[in-house]
Each structure stands twice: as structure tokens, then as C-alpha cells.
There are 2 protein chains.
Amino acid sequence: MQRSPEATRFLLVAGTTETARRAGISAAGADPDLLSTTPAADAELLTYGRPVRTDTVPVSPSGCPTPALVTRAVRELLDVDLTVVDGGLAEPTGAPTVSVGAGVGRDIGEQDPVPTAYGAFEAARQYGRALPTNELWLAETVPGGTTTALGVLRALGEDAMVSSSLPENPLERKEQAVSEGLEASSLQPGDAAGEPKRAVRRMGDPVLATLSGLTTGAVETDTAVTLAGGTQQLAVAALVRHGGYEGRLGLATTSYVADDDSADLRASARALDLDLVVTDPGFDASDHVAMERFVAGEAKEGVGMGGALAMADRAGIPMADVRERLAAVYDELLGEQAAETPTADGESR
Amino acid sequence: MQRSPEATRFLLVAGTTETARRAGISAAGADPDLLSTTPAADAELLTYGRPVRTDTVPVSPSGCPTPALVTRAVRELLDVDLTVVDGGLAEPTGAPTVSVGAGVGRDIGEQDPVPTAYGAFEAARQYGRALPTNELWLAETVPGGTTTALGVLRALGEDAMVSSSLPENPLERKEQAVSEGLEASSLQPGDAAGEPKRAVRRMGDPVLATLSGLTTGAVETDTAVTLAGGTQQLAVAALVRHGGYEGRLGLATTSYVADDDSADLRASARALDLDLVVTDPGFDASDHVAMERFVAGEAKEGVGMGGALAMADRAGIPMADVRERLAAVYDELLGEQAAETPTADGESR
């Protein structure tokens, strides 16, 4: 196994927002009841390669595995220091976590959905300042997170659009949720421009609060930060820009998000002056079940998938190796489960 | 850097007992107020190589550095998966931790010093069962822990003696504390034989409860366990034996503990049927300030030092390399601090 430079650290912020309970806005779990478990499970998959306290590997209703498996596959090829930060977990996780005081996020339609936002931002900022790291890659797992990302972008007055874990982006539902949230918070779009903590507290989720705090603290001590993810990380970048930071900031995402016409990520990244890296894992070259749902446009990103792919690419690891490892990780974790899935004619395959 | 087998994991259980506030029983901090910070700092040192939320590197009143620096030095030579478990921390740590519900331990002289013992034991047991690991090395950091270890051994009716982080083992003070504890708990020596959870709840500390739970769970799923440490780990072994486990169990410690005449570790390890590995780091071959207090008999063990040395030795890493790395770690963290220490004639050196 290759080893990445010691001064590189991959940080996963795992948390929840009850916004995910709204029908039809997230594919990050087989059913709504499991959505709140997904971040805890993702943290365990990244840390140990399998569930420890949770008991299922998150899959979408149609069987797309969590992108945590992709990031884990890369981690098995490229040894990199990993830390999980509790960004408001709802279920216990067996993964070790750093606490910044983030609590579960409530629904975006409530008046104060993230009461822990200010405290989590500041604790994360202190932690980001203190981390002895030259280079930080920040990832997220929060079902429903693109809706709260949209809420934050609107509160800040940014016109970027967000992508989706579903093949068809339910933008109307998201806009509806954001409208409710703005009304409940007595905000007009743009009212929180220049006030990132207010924006994330009123319209965001605890993961966005934690990520923007981490980024703000890290850049204060000249740590290079790459936001690993899709349009949720655009919202983090917007929060950090509205906090006054004008220096370098990276965004590493997958080709699935970058090619999503419902959200013009490239234009938004330019508007926020981000160094964008897009990596295509080439899943269409495989016919393995682990990859086919990604090719069909599901998931697209999450759990730092785009960042992990970029790190692998930078280290010279061929995407074919990543795909091979992903297939092995999937088969070990979900092979039996998949074998029990009935086919169209009702037989197990 | 070498990489240890992936199926090997080093687990540090970090926690506290207010027993450490008793005068003259622990050297695991420069003054009594700092003792409760030591485990949080040790966890950060092992994880990041430097303090993150804590702001000092623990040293004894006479300047002996925490053995965490030795374990960290080994970790910089031999990459091994590390997880920190919160065994009742009193101060926030920036290290990621797994929670098992352990709270701060109260003074051994109280009637119920570890009310979280049963819950922590069971949660740790479940976690130990679920960990995907072939081989587990378990370490501890808990100032005052040899006194509570003695309490547990007496409650179980084991006649093993305990060592000390001080050059002169304050055995009378420890026996006095244990007598108070037995009386407060209405126990005679041996009354809790065969009842390990009762013994650790009434006379132990939350780290002992967590370690014995982890060990019990791990061996249930045929994970090989090595207890990394000195006489506190003897108490863990006794708890596990009294819980009915008769299979293999390892104990890896330093020559400083094994050669401590005030506690006959070798005989006790034989009595508990433990596979004992003793490693001498050869600190007497160095005149570096990082090592001289160890040679003088301070600290002796802790934070898995003996286990880390054994892992290094097994991997073929020469002790000279460990010493060299330890000196470098010390100089980076404590070099300036040491340079400000006044010498006998009042001048800085």
C-alpha cells in the first residue's frame, strides 16, 4: 500500500438534519428510517471497512451503495490519516469521533434548525487551527444535505444551484423547503450575506457549520484546504468566502456532479474562486453492480468520494485499480445481500 | 515507514479516577491539577504527535515525560491502526474517541466510585466483539490507576502487587486507600471473586471497566489480545479471568515494571496464565534527557509503552532507532521547555 504524506489528513464530518425526513429529497438510505443511521455507518465503513455498531451498509432504495465504499476503496490503496468529526450524529457510531458540540439538525422549515451552529463553528475553527497538518481534505456525510446547502446559498444571496443523490434532482421540493425555511426565519434571499454563522444556523445543518468552522480555522494557520464533495461543499465555500477569506481554496468532486446539468458546478466554483478538480472514476468501463447505479446518475458524490479519487489520481493510482478494489469491498460487504435480491422474475440471483 | 498488518489494531483507553488527587500516589502530571488533563493530552500525542486541545505535554514533577512519547515514537516508525476509547475523560480531547458511556471515576474511598462500570463494560464488550481485527493491543492512560488496580485485585482476592510511576512505590498510601475503599463498599478482600463487574465498580476505575469489557468481547470472537502495560493490566487480566475466560491472553510490558521488586510482575503473570513479553528499550545506552528519568525508575510504563516496544521489536526495528526517534519527538515538543528549566545554579541551560 502506498502511504500519503504524513502532513496530509482526511477529515470526515458526519451528521444529520431532520430535513432528510422530507419525502423524496434524499437517496442516502434504503428507507427514511435508515437515513439517520447513514452518517454513523459511513464513518464506520471509512474507519474499519465494515459496520461495527451499525448493522447495515447504506444503500439507496434502488441499491446504489453509499459512496463511502469508494472512499474506503481508495483508503485501502492509499494509506492516509483519517479523522471523523461528529457534526451532529443521531445514532451512536463505533468510529472514533472528535466532538465540536454539534447536535442533530432540525428541519429547515423550523425557525432555528441549528442551535448548535455558533458553538460548533467556533470549536471546529479552534480545532482546525490547532491541527498539525499541512494539507486538509474535508468530506461530509449528511442525508438531506443538498437541501440545507441550497438554504444556506439562498440566505447568503448566492445563486448557485445544488445537485442531488437522486438521478432526477427534486429541485422543486428543495426550493419549497428553502422557501419555508426563509419564511420561518424571517429572511429574504441574501439577508444573511456576510453573516455565515447566521446563515448556517437559520437555514443550514450542523455539518455545514462544522465544515465552515474547520476550513476557517485551517486557513488561518496556512493549512491548504480542499473541500471534497459536490454542491454541499459549494455552500461551505460560500460560507467561508462570506466570512471574509479570499485566499486559495480547493474543491474536489466527481465527474457525476460536475456533469449534472441541474447544477452548474463549474460556474459556481468559478464565481467563488475555487480551484476545482474533477475526477472521473470511469465506472462506465465496468459492469459491476457496485458501479452501475453511479453510472445511472445516483449518489454522484458524498463521503469525500471526489476528493478520494483526486488523491488516488495524484498518487498515480490508476482508476482501474480503484474500480477493482471497490468491487472487492462491495462484494465482501454486500455480495450476499445482493445475491438475495429478487430478480424481475422473482428468483434470487 | 513500515506498516503493521492491517488486521492489527492498537487501542488506547483514556480516562480518569479522582483517586489520583490523593497526595503522593501518581507522577503522571507536573502537579495534581494537571493529572486530569494527562489522559486527554496522551490521546492527542498518540494521534497527532502533539497537543491539539490540551496545551501541555505531560511531565512528572521531576521532568519525566509521559510514556506517550515512547509509544508515539514507535508509531512514527511502525504505522499501526490506532483507536482511542473514552474510558472516562475529564477534559475534552482533540483526539477522536469511541464512546462506551464511561464517566469520570470517583475516589476509591467512596462507596460507588464507578457507577458507569457495568454499562461501559457491556458497551466495550460489544465493541470488542464487533471490531474487524485479528489482533488487538490494549493500552491505558489513567493517573492514579495503579491504586485502583490494587483495589480491584484485592476485591477479587488476588494477591498480586502493583508497581508505580514514582521511583519509590508509595505502597502504604495505596494500601490505605484500598482499605478505605473496601470499608466504604462493605467488602472484605476476595468478596468479589468471580464477580469482575462488581469488583471494578466498587474498587476500580472506568478504564479498568472498559479494558476488561474490550478484552472479554474480543476473545469471544477469537481476536488475539495483548494487554500493553504493567500492573494495571494485571488487574484487567484478573478481571477477565474472574469472568471465566481461560484462553490465551498476552501481557506486554517494559523491563522497568518487570524489574520492579516492589511488585513481582512475573510471578503474578504466571499465576494468571499470561503470555508475558518484556522489552527493554535500552534507555541506559543514551544520556538524552528524554530517557534519563526512565532509567532512574520513573514512569516505567503507561500509554502502551511496553506493547509498542514489543511491536517494534517484533517488526525488527532496532531499539536504537526507537531511542533516536524518541529523542527527536522529545526535542520537538519539550526542547524549548527544557531549555528554560533553571539549573542548580539558577541559570537557564
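The values are calculated or read from the model by the stated rules, or taken from the named source; none is laboratory data. Given the structure is predicted, the values throughout are model-derived calculations rather than measurements. Here Cβ is always computed from backbone atoms with ideal geometry, including for glycine, and neighbour counts include all displayed protein chains. Accessible surface is based on the protein model in full, side chains and every heavy atom, while ligands, DNA and RNA are left aside. Shrake-Rupley method; radii C 1.70, N 1.55, O 1.52, S 1.80 Å.
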note = Simple SL model, points at 7 angstrom along Cα→Cβ for A:E168 and A:D79; separation in nm is 4.8
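In percent, what relative contact order does the stretch B:194-330 have, based on Cα pairs under 8 Å that are 6 or more apart in sequence?
23
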ask   = Given springs between every Cα pair under 10 Å in a Gaussian network model of chain A, which of A:I108, A:I317, A:I25 has the largest fluctuation?
value = A:I317
Relative contact order (percent, whole number), the stretch B:165-239, Cα cutoff 8 Å, 6+ residue spacing = 22
message = Summing both sides, how much accessible area is buried between A and B? Use a 1.4 Å probe and give Å² to the nearest 100.
response = 1900
key: Protein-protein interface of the stretch B:36-53, residues with accessible area decrease of at least 40 Å², isolated chain reference, 1.4 Å probe   = B:Y48, B:V52, B:R53
ask   = Where only protein heavy atoms count, and the probe is 1.4 Å, what is the accessible area per residue for the stretch B:45-89 in Å²?
value = 24
ask   = Nm distances between the label at A:G63 and the same-position labels in the remaining copies, 7 Å along Cα→Cβ, shortest first?
value = 6.8
query = To the nearest 10 degrees, how steeply does helix A:145-156 sit against the main Cα axis of chain A, on a 0 to 90 scale?
reply = 20
ask   = So for chain A, taking the charge dipole from beta-carbon charges (+1 Lys/Arg, -1 Asp/Glu), which of A:V257, A:L78, A:V219 sits furthest toward the positive end?
value = A:V219
query = Hey, what do the phi angles of the stretch B:171-180 turn into as Karplus ³J(HN,Hα) couplings, whole Hz, using 6.51/-1.76/1.60 and θ = phi - 60°, x for Gly and Pro?
reply = 5, 4, 4, 5, 4, 4, 4, 5, 4, 4
request  = Please compute the net charge surrounding A:D191, taking Lys and Arg as +1 and Asp and Glu as -1 over other residues with Cβ under 10 Å from its Cβ.
outcome  = +2
query = What are the residues whose amide H is under 5 Å from the amide H of B:V98, where those residues sit 5 or more places off or on another chain and H is modelled from the backbone?
reply = A:T97, B:V84, B:V85, B:D86
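Treat the stretch A:174-218 as a sphere of radius equal to its Kirkwood radius over Cα pairs and apply Stokes-Einstein at 37 °C in a medium of 0.692 mPa s; give the translational diffusion coefficient in µm²/s, rounded to a whole number.
Stokes-Einstein gives a translational diffusion coefficient of 294 µm²/s.
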request  = Using the heavy atoms of the protein chains and a 1.4 angstrom probe, tell me the accessible area per residue for the stretch A:202-349 in square angstrom.
outcome  = 39
task = Please give the helix B:117-130 orientation as an angle from the longest Cα principal axis of chain B, in degrees from 0 to 90, rounded to the nearest 10.
result = 70
message = Nearest the rotation axis from B to A, which residue of chain B has its beta carbon, and at what whole-angstrom distance?
response = B:P96, 2
task = Report, to the nearest 10°, how far helix A:231-242 tilts away from the longest principal axis of the Cα atoms in chain A, using its own Cα long axis and a range of 0 to 90°.
result = 20
message = Can you work out the Karplus-derived ³J(HN,Hα) for every residue in the stretch A:283-299? Use 6.51 cos²θ - 1.76 cosθ + 1.60 with θ = phi - 60°, whole Hz, and x for glycine or proline.
response = 4, 5, 7, 10, 10, 6, 4, 5, 10, 5, 6, 5, 4, 6, x, 8, 6
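What Kirkwood radius, in Å to one decimal, follows from the Cα pairs of the stretch B:109-190? Could you put the intermediate results ahead of the total?
Details: mean 1/r = 0.0684 Å⁻¹.
Radius from the Kirkwood sum: 14.6 Å.
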request  = Only Cα pairs under 8 Å and at least 6 apart count here; give the relative contact order of chain B as a rounded whole percent.
outcome  = 21
task = Please give the net charge around B:G229, taking every other residue with its beta carbon less than 14 angstrom from that of B:G229, where Lys and Arg add +1 and Asp and Glu add -1.
result = -4
Three-way shape call for the stretch B:1-131 based on the alpha-carbon gyration tensor, with the a/c threshold at 1.5 = oblate
query = So which lysines pass the test for B:K300, namely a Cα distance under 18 Å, with those fewer than 8 places away in the same chain ruled out?
reply = B:K174
remark   = Dimensionless Rg/Rh of the stretch A:145-207, both radii on Cα and Rh by Kirkwood, sits at 0.95
remark   = Taking Lys and Arg as +1 and Asp and Glu as -1, residues besides A:G217 with C-beta under 15 Å from its C-beta add up to +1
Chain A - charge dipole about Cα centre, Lys and Arg +1 at Cβ, Asp and Glu -1, debye rounded to 20 = 940
inquiry  = If each label sits 7 angstrom from Cα along the C-beta direction, how far apart, in nm, is A:D264 from its counterparts in the other copies?
reply    = 8.3
note = In a Gaussian network model of chain A with springs linking alpha carbons closer than 10 Å, the residue among A:V152, A:V225, A:V114 that fluctuates most is A:V225
ask   = What residue among A:A120, A:A149, A:A315 has the largest mean-square fluctuation in a Gaussian network model of chain A, using Cα springs under 10 Å?
value = A:A315
remark   = The answer for A:E140, listing residues at least 5 apart or on another chain whose modeled amide H is closer than 5 Å to its amide H, is A:V13, A:V303, A:G304
ask   = What number in nm² do you get for the protein assembly as shown if you take the convex hull of its Cα atoms and divide its surface by four?
value = 30.9
inquiry  = Only protein chains counted, 1.4 angstrom probe. Which residues of the stretch B:129-156 are at least 20 Å² less accessible in the assembly than when their chain is isolated?
reply    = B:A130, B:P132
Threshold 30 Å² - residues in the stretch B:74-96 whose accessible area is reduced by that much or more when the chain is no longer isolated, probe 1.4 Å = B:D79, B:P96
inquiry  = Can you tell me what percent of all Cα-Cα pairs in chain B are more than 38 Å apart?
reply    = 8
key: In sequence order, calculated HN-Hα J values of the stretch A:264-277 (Karplus, 6.51, -1.76, 1.60; Hz; x Gly/Pro)   = 8, 4, 4, 5, 5, 5, 5, 4, 9, 6, 9, 7, 8, 10
query = If one computes the Cα centroid of the stretch B:303-321 and of the stretch B:34-68, what distance in Å separates the two points?
reply = 20
query = Which percent of the accessible heavy-atom area of the stretch A:184-303 goes to carbon and sulfur, probe 1.4 angstrom?
reply = 42
remark   = Residues whose modelled amide H sits under 5 Å from the amide H of B:L251, counting only those 5 or more places away in sequence or on another chain, are B:L227, B:D275, B:L276, B:V277
key: Cα gyration tensor, the stretch B:58-200 - rounded (a/c under 1.5), prolate or oblate   = oblate
